[in-house]
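Participant: Below is one structure. I have some questions about it.
The values are calculated or read from the model by the stated rules, or taken from the named source; none is laboratory data. Everything numeric in this text was worked out from a predicted model, so none of it was measured. Glycine also receives a Cβ, built like all others from the backbone with ideal geometry; neighbour counts cover every protein chain displayed. Surface accessibility is based on the protein's heavy atoms, side chains included, excluding ligands, DNA and RNA. Shrake-Rupley method; radii C 1.70, N 1.55, O 1.52, S 1.80 Å.
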Amino acid sequence: MWREFWAVYGKRAAGAAVGLFFGILYLIVGFWDMLFVGLLVAIGYWIGVQKELNNGSIFPWQRLWYSLLERFRPFK
């Protein structure tokens, strides 16, 4: 059962676990803010889903770079 779970949802669960870890660390060090913990878990889950779907990089660095070059090109 656990092998099937890890085969199907492994990266999602790992991403959520990392988010939960950082959320608990934030609560221990900082003040009690459950909304921030939920946000960290959701971000970890989203990163895990993106890695599981193999969409490449989470941020489209190349597309951002080319759009910045087009926008701020000194000699048009």
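Participant: Given the structure, is A7 open to solvent by less than 80 Å² (accessible area, probe 1.4 Å) and part of a helix (DSSP H, G or I)? It would help to see each step written out before you state the result.
Facilitator: Working: open to solvent by less than 80 Å² (accessible area, probe 1.4 Å): no; part of a helix (DSSP H, G or I): yes.
In short, no.
Participant: Oh, and also: May I ask you to list the residues in the stretch 15-32 that are touching a helix residue (DSSP H, G or I) at 6+ places or on another chain (Cβ under 6 Å), more than 8 Å from Y45 (Cα to Cα) and at pLDDT 80 or above?
Facilitator: Correct list: V18, L20.
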